[in-house]
Every structure is written in structure tokens, then in C-alpha cells.
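Participant: Structure below; questions to follow.
The values are calculated or read from the model by the stated rules, or taken from the named source; none is laboratory data. What you see is a predicted model, and the numbers here were worked out from it, not measured in a lab. FYI the Cβ positions are ideal-geometry reconstructions off the backbone, even for glycines, and counts take in every protein chain you see. In case anyone asks, the SASA skips ligands and DNA or RNA and just uses the protein heavy atoms, side chains included. Shrake-Rupley method; radii C 1.70, N 1.55, O 1.52, S 1.80 Å.
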Amino acid sequence: MFILQFFENNWIVMQGAVSLGIIFSLMAMGVFLAFRILEMPDLSVEGSIILGAGMSARLISGGMNPFLATLLSVLVGSAAGFCTGFLHTKLKIPSILAGILTMVAAYSVVFRIMGANNVPLLPHGPQRVTSVFTFLQDWGLSRPNAIILLSVVVVVVVSALLYCFMGTEFGSAIRATGNNRQMVKAQGINTDIMIIACLMLSNGMVALAGSLWAQQQGFASVDMGIGTIVIGLASVIIAEVIFRPRRFWTSLIAIVIGSIIYRLIIALALSVDFMRSTDLRLVTAVIVAFALCLPLLRDNIAKLRKFIRNRGNT
Amino acid sequence: MLTLAGIKKTFDPGTPIEKHALHGVSLHLEKGDYVTVIGGNGAGKSTLLNTIAGTFFPDEGKITVDAVDVTNLHEHKRALYLGRVFQDPRAGTAADMFIEENLALAYRRGKSRTLRWHITAKERAMYRERLATLGLGLENRLTDKVGLLSGGQRQALSLLMATLREPRVLLLDEHTAALDPKTAKTVLDLTNQLVHENNLTTLMVTHNMRDALKNGNRIIMMHEGNLILDVKGEEKTNLTVPDLLKMFETASGEEMASDRMLLT
């Protein structure tokens, strides 16, 4: 009840949480591709989100068409994924380290791209923020509604494409690579190519999320990406714990909902008086730890119930 | 069909754990040869198979399959010619994918993976038919995840996958060793059935001397990285386990150690 009341009283907060949740579901899907499909912990995600955000901010503030800027941002994210994949497969660097190397390098690259710590999207003076959402605002939608509408469309299109791709011969080979590299090689598939392709896809999606995020909040800053990986994992784990999806497409839907739930939990947690916005990452870490130990908790509660019931009988 | 010429392989050269796994092994398999490979632990049986499959490259020597030199081809490129079944039933299949998805992956062995859908309706019918020949009821479980199957079922599926696209050479690496005796027999019978029906050139490593004698038309024995015995045809048919042990002693100059070979 308290929760419902809170969101009723804070309609704007909730709207913001939902739109961020939708945008970040693209990132969570990217994390899902690396962690669950490829079963490879890829930390370069932290780098590709700011690459996407920084690239978009710089290009759009420089006057480029926002759609083209978003597309280029995705390509930069994919390039980061390629680097991680190359380091891991061709240079035989352990996957976690390969991801960290790309992430660290990405911070320097983003500085170069943005030329400053913080780049606003305002091109000329105090006008409206130019972004991919602008054309919907021109049609008469409010900015929050424009953001939600377009993000939903993007998420639906991207996840439909992703679903179809994973059903192709190529996608099927990627899924198998995450499952059993030995078997995949025996079937004549070059696992290196599959790993690199999957990381490019995953980081491209993360960069897309970063790009939309920068356009949603109206600026990009170098430090905005810190903790991305944990947010992505939080969404994926919330989705898995609540919905227990068995198929690929149910996983995708669950992740979108999981990502929104995560944002709502954060909004709720930060609304408590003594909490500050900088506590966000602490709250995230606690949520992930809690979600990860839920199965264990569930078991113990079941055991406790059984114990109490048995004691009542004797 | 398969020719090995002077294959040498040393693991960890120049270190205290240096191991000469293969000492210049030469072997030629005719089309349709069904060769069983025996030998004690560390004799080099698995190294031999893995060298053929391309898991690693030999230090010296040449491998040709059907007149194609594959010595320097990567594992995934050689897969075009080879069907493989591993000792670990989990190794040959993708556990989180459906039975039909695993078969579809195998059906495209050696082909490039395109953006076409991973399976067609026609294939599905064919898989159902082929699965039915296994007699394990898998034909009704096309969309079950392979991880739900028993070890024997997974090994039978691996066999089917290895032969779905006819391989020039079928490599079986102790593929019944991890199964219980009854299941092992079923999988071995199935192996014979598939090999004979398709007249497949086969190399089967086994720890079990009786299996090695009973199956195939040729038997080779390895010891410390060398081929010490190669018997085929009628001579092989008349061989018994005591004969084999005696031949081992003469060839290697030592008594058969009390390893797994004796116990089986």
C-alpha cells in the first residue's frame, strides 16, 4: 500500500524510473547475452555505455542528426566489444581481464571523444534539447511521454531482431558456443568468430542504451557508466528470480520488466529521507546480493516452515 | 582414407614434466576400415585421436584425410572430414539446447553459418526418423533440452550427430567408458550398426580388450607413444585376450601392468 501511495504521489519520479528502466533494458539484454548466452563475464560493458553516451552527446551537440549519431554510437560500442573479443580469443587473455582492459581504455577514449568531463546536448543556448525524441515532441507529445514511447518502440524492435537473429544458423552457433565450445569446434564452427560477434552485438546494445540515456537526461559525463555492470546483472537476476524464464523470448520480456522493477526499487529506496542519490550504487549492490541469495532464503524458509509444522504435530 | 606419417608430439618440452606422447606414429586406414585402438594409461591413444582431430598440432609428421593434407588445418576446419564422439557424454552435445537444435548444428558440420533459420521442417522430419532408429524414444522429444537426457542417451545422440553428415573418418574416444555396462553395450551395438550401415572408416579407442577384439576388422595396440601391434582380418578374428597379453609382453618387453586394461 505504502508503495502504491508513494508512486501515486510521485508520478514524475515513477515516469522517470519507468523510462530509464526501459532504456536500460537494452543494456541488461547486452549483459544477458555475454553473461548467460555466451557464459562469459564481460566487464567492457562499463566502457561501452559511456562510449555510447559520450559519442552521442558530442556528435549531437556538434549538430549531427541524432539518429545518425545514435547509429554511430552503437558502432563504437561494437568496436569495444570487438576489442574484448579479440583480446580474449586471439591473444588468449582471460575474459575478465580482457573486459577490464577494454573498459579502462574506453575511459581515455571517451575523454578524447567528449573533450570534457561533461557534454550537454544543448546546441545553441537555452533551447530545447536536441535528441532522437525531439521529433515526437514536435508532434505534440510531452518530453517524458516522447521518451517512453520511442524507447518502447526501440526495445520492441531490437528484441524482436535479437530473437530472430538467435534463431538463425549463426545465432544458434553462438548459443552453442556459450554452452560447449568443444562440441561447437567438432561441428566445424570457428568459436573465436562466434565469441567476437556476440560481444560486438552485446556491447552495441549497451552503447545504444548509453546513447538513449544521454539523450534522455540531456548530457553525458565521463563517470556516468560506473556500476553499469551491476545494474545490468541486477535486472537480469531480478528477471530470473521472479519469472524463471525457460525460453529465449521469455527471458527478453522478463529482462525488460526486471529492468523497470529495478528502477522502481531504486526510486523507492532513494525516496527515504536519509538516503542520498550517491547511495544508488550501494543500494544496487545490496539488491543484487539479496536477489542472488533469494533461492537459498526460499529453501531455508521452506525448511523452517516444515520444522514448525512437524513440531506442532508431535 | 586416413594416413598418418611419422607423427611426433611432446607435451611441455624442456620442462621437468616433459612427456613424449607420440614417437613417430605411422598408420594408414583404408576406406571402410574399422580399427580398434587399445593400450594402457598414457600409451598415447587419446593423443593420437586428438592429433587427428586437430585439438593440437603434431611437432612432426603429416596427416592426410582422403588425400587432403590436414596437418596444419585448425580443429574447426578439419571437422568437415571428421565425426567425433568423446568419452564424456556431456562433451559432445550442448546441454541447454534442444535435441533438434543439436542435430541441426551437426547437420551443418563444415558449412558456413548463415542468417537462414537454424532448422527447417523437412530436417525435423528427417531427425525424427533417424532418432527413431536409436530405439530410445527420443523421436518424440525433439524440443527437450539435451541436459535432461541420461548419459547413454546423450552418447547415442552424439553418435547420431557425428554420423548425420557422413564423415570421412569417425573418431571414437572411449565413448562407452563413462557408461554403465548395459548402456555401454547398447551404445556399442548402435556404433556397429551405424558403422556397418554407412561403411564408415572408424578409429575407436577403448580400454576394454574384449570390445576391441569383438568389434572392427583391425586392432592396433599402443605403448609409450608407439604402435606395437597391428593385426587385421582373419588373424584378428582368431585373437583372444591371452594372445593379446602375450603379444604385448613380447612387443614391449615388459609385463602388462595392473592397470585398467587387465581388469576389463
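Participant: Pairs needed: first member in the stretch B:166-188, at positive phi; second member anywhere, assigned to a helix (DSSP H, G or I); C-beta distance under 9 Å; at least 6 residues apart or different chains.
Facilitator: The qualifying pairs are B:Glu174/B:Lys45; B:Glu174/B:Ser46.
Participant: Related question: Does any residue in the stretch B:224-239 that is under 16 Å from B:Glu30 (Cβ atoms) come within less than 7 Å, Cβ to Cβ, of a residue that is of a type outside the set (Lys, Arg) six or more places away or on a different chain, and which pairs are these?
Facilitator: As it stands, the answer is B:Asp230/B:Ile220; B:Val231/B:Ile219; B:Val231/B:Leu239; B:Lys232/B:Asn217; B:Gly233/B:Asn217; B:Lys236/B:Asn217; B:Lys236/B:Ile219, since those pairs meet every condition given.
Participant: Considering only residues that are more than 21 Å from B:Glu75 (Cβ to Cβ) and of a type in the set (Gly, Ala, Ser), which ones fall in the stretch A:186-211?
Facilitator: Those that are more than 21 Å from B:Glu75 (Cβ to Cβ) and of a type in the set (Gly, Ala, Ser): A:Ser202, A:Gly204, A:Ala207, A:Ala209, A:Gly210, A:Ser211.
Participant: Give me the residue from the stretch A:163-190 that is surrounded by fewer than 23 Cβ atoms within 10 Å (Cβ to Cβ) and among the hydrophobic types (A, V, I, L, M, F, W, C) and, out of that set, farthest from the chain's Cα centre (by Cα).
Facilitator: A:Phe170
Participant: Select from the stretch B:92-105 the residues that are more than 9 Å from every other protein chain (Cβ to nearest Cβ) and hydrophobic (A, V, I, L, M, F, W, C) and write down the one among them that is surrounded by the fewest Cβ atoms within 10 Å (Cβ to Cβ).
Facilitator: My answer is B:Phe98.
Participant: Is there a residue being surrounded by fewer than 19 Cβ atoms within 10 Å (Cβ to Cβ) and facing chain A (nearest Cβ under 10 Å) anywhere in the stretch B:144-163?
Facilitator: There is at least one residue in the stretch B:144-163 that is surrounded by fewer than 19 Cβ atoms within 10 Å (Cβ to Cβ) and facing chain A (nearest Cβ under 10 Å).
Participant: Sticking with this structure for a sec: Taking A:Ala146 and the conditions (1) over 23 Å from B:Leu80 (Cα atoms); (2) part of a helix (DSSP H, G or I); (3) aliphatic (A, V, I, L, M); (4) open to solvent by 20 Å² or more (accessible area, probe 1.4 Å), which numbered condition does it fall short on, given that it satisfies the others?
Facilitator: So A:Ala146 meets the others, but not (4).
Participant: Are there any helices (runs of 4 or more DSSP H) wholly within the stretch A:169-247 with 2 or more residues that are within 13 Å of chain B (Cβ to nearest Cβ), and if so which?
Facilitator: In the stretch A:169-247, A:169-179, A:181-186, A:191-217 are the helices (runs of 4 or more DSSP H) which contain 2 or more residues that are within 13 Å of chain B (Cβ to nearest Cβ).
Participant: Continuing with this model, one more query. Find the residue count for the stretch B:126-171, including only residues that are under 16 Å from B:Val195 (Cα atoms) and charged (D, E, K, R).
Facilitator: Residues in the stretch B:126-171 being under 16 Å from B:Val195 (Cα atoms) and charged (D, E, K, R): 4 in total.
Participant: Give just the number: which of (1) farther than 24 Å from B:Phe11 by Cβ; (2) in contact (Cβ under 8 Å) with a residue 40 or more places away in the chain; (3) within 14 Å of the chain's Cα centre (by Cα) does B:Leu194 not satisfy?
Facilitator: The one condition B:Leu194 does not meet is (2).
Participant: Out of all the residues in the stretch B:172-188, which are outside any loop (DSSP other than H, G, I, E, B) and of a type in the set (Ser, Thr, Tyr)?
Facilitator: B:Thr183, B:Thr186
Participant: Still on this structure: Out of all the residues in the stretch A:265-272, is one or more crowded, with 18+ Cβ neighbours inside 10 Å, in contact (Cβ under 8 Å) with a residue 24 or more places away in the chain and not aliphatic (A, V, I, L, M)?
Facilitator: no
Participant: Among the numbered criteria (1) open to solvent by 10 Å² or more (accessible area, probe 1.4 Å); (2) at negative phi, which one does A:Gly47 miss?
Facilitator: Against the list (1) open to solvent by 10 Å² or more (accessible area, probe 1.4 Å); (2) at negative phi, A:Gly47 comes up short only on (1).
Participant: So which residues in the stretch A:1-57 are among the polar types (S, T, N, Q) and out of contact with any strand residue (DSSP E or B) (no Cβ under 8 Å at 6 or more places or on another chain), if there are any at all?
Facilitator: Once the filter is applied, which keeps residues that are among the polar types (S, T, N, Q) and out of contact with any strand residue (DSSP E or B) (no Cβ under 8 Å at 6 or more places or on another chain), the stretch A:1-57 yields A:Gln5, A:Asn9, A:Asn10, A:Gln15, A:Ser19, A:Ser25, A:Ser44, A:Ser48.
Participant: Could I ask something else about it? Look through the stretch B:167-195, keep the residues that are in contact with a strand residue (DSSP E or B) (Cβ under 8 Å, 6 or more places away or on another chain) and open to solvent by 20 Å² or more (accessible area, probe 1.4 Å), and return whichever of them is nearest to the other protein chains (Cβ to nearest Cβ).
Facilitator: Applying the filter and picking the extreme gives B:Asp173.
Participant: Checking B:Ile119 against (1) within 14 Å of another protein chain (Cβ to nearest Cβ); (2) part of a loop (DSSP other than H, G, I, E, B); (3) in contact with a strand residue (DSSP E or B) (Cβ under 7 Å, 6 or more places away or on another chain); (4) not aromatic (Phe, Trp, Tyr), only one condition comes out false. Which one?
Facilitator: (3)
Participant: How many residues does the stretch B:200-223 contain that are in contact (Cβ under 8 Å) with a residue 12 or more places away in the chain and not in a strand (DSSP E or B)?
Facilitator: 12
Participant: Would you mind telling me which numbered condition in (1) in a loop (DSSP other than H, G, I, E, B); (2) open to solvent by 60 Å² or more (accessible area, probe 1.4 Å) B:Gly110 fails?
Facilitator: For B:Gly110, the exception is condition (2).
Participant: So for the stretch A:55-78 (the condition being closer than 30 Å to B:Met97 by Cβ and not polar (S, T, N, Q)), does at least one residue qualify?
Facilitator: Taking every residue of the stretch A:55-78 in turn, at least one turns out to be closer than 30 Å to B:Met97 by Cβ and not polar (S, T, N, Q).
Participant: Is it the case that the stretch A:193-208 has a residue that's farther than 30 Å from A:Arg143 by Cα, touching a Leu at 6+ places or on another chain (Cβ under 7 Å) and either open to solvent by 40 Å² or more (accessible area, probe 1.4 Å) or at pLDDT 95 or above (or both)?
Facilitator: Yes, there is a match, as at least one residue in the stretch A:193-208 is farther than 30 Å from A:Arg143 by Cα, touching a Leu at 6+ places or on another chain (Cβ under 7 Å) and either open to solvent by 40 Å² or more (accessible area, probe 1.4 Å) or at pLDDT 95 or above (or both).
Participant: On the basis of being assigned to a helix (DSSP H, G or I), modelled with pLDDT of 95 or more, of a type in the set (A, V, I, L, M) and open to solvent by less than 50 Å² (accessible area, probe 1.4 Å), does A:Ile23 make the cut?
Facilitator: It is true that A:Ile23 is assigned to a helix (DSSP H, G or I), modelled with pLDDT of 95 or more, of a type in the set (A, V, I, L, M) and open to solvent by less than 50 Å² (accessible area, probe 1.4 Å).
Participant: A further question follows. Select from the stretch B:24-52 the residues that are surrounded by fewer than 18 Cβ atoms within 10 Å (Cβ to Cβ) and either within 21 Å of B:Leu244 (Cβ to Cβ) or in contact with a Pro (Cβ under 6 Å, 6 or more places away or on another chain) (or both) and list them in ascending order.
Facilitator: Residues satisfying the conditions are B:Asn41, B:Gly42.
Participant: Looking only at the stretch B:59-91, which residues are within 9 Å of another protein chain (Cβ to nearest Cβ), open to solvent by 10 Å² or more (accessible area, probe 1.4 Å) and touching a strand residue (DSSP E or B) at 6+ places or on another chain (Cβ under 6 Å)?
Facilitator: Scanning the stretch B:59-91 gives B:Arg84, B:Phe86.
Participant: Follow-up question, since we're still on this one. Within the stretch B:87-136, track down each residue that is hydrophobic (A, V, I, L, M, F, W, C) and touching a His at 6+ places or on another chain (Cβ under 7 Å).
Facilitator: Answer for the stretch B:87-136, where residues must be hydrophobic (A, V, I, L, M, F, W, C) and touching a His at 6+ places or on another chain (Cβ under 7 Å): just B:Ala104.
Residues checked against (1) closer than 19 Å to B:Thr163 by Cβ; (2) of a type in the set (Lys, Arg):
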| site | (1), (2) |
| --- | --- |
| B:Asp59 | no, no |
| B:Asp66 | yes, no |
| B:Thr71 | no, no |
| B:Arg78 | yes, yes |
| B:Arg84 | yes, yes |
| B:Arg90 | no, yes |
| B:Thr93 | yes, no |
| B:Arg109 | yes, yes |
| B:Ile119 | yes, no |
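Participant: Looking at the stretch A:26-60, which of its residues are in a helix (DSSP H, G or I) and small (Gly, Ala, Ser)?
Facilitator: Passing the criteria: A:Ala28, A:Gly30, A:Ala34, A:Gly47, A:Ser48, A:Gly52, A:Ala53, A:Gly54, A:Ser56, A:Ala57.
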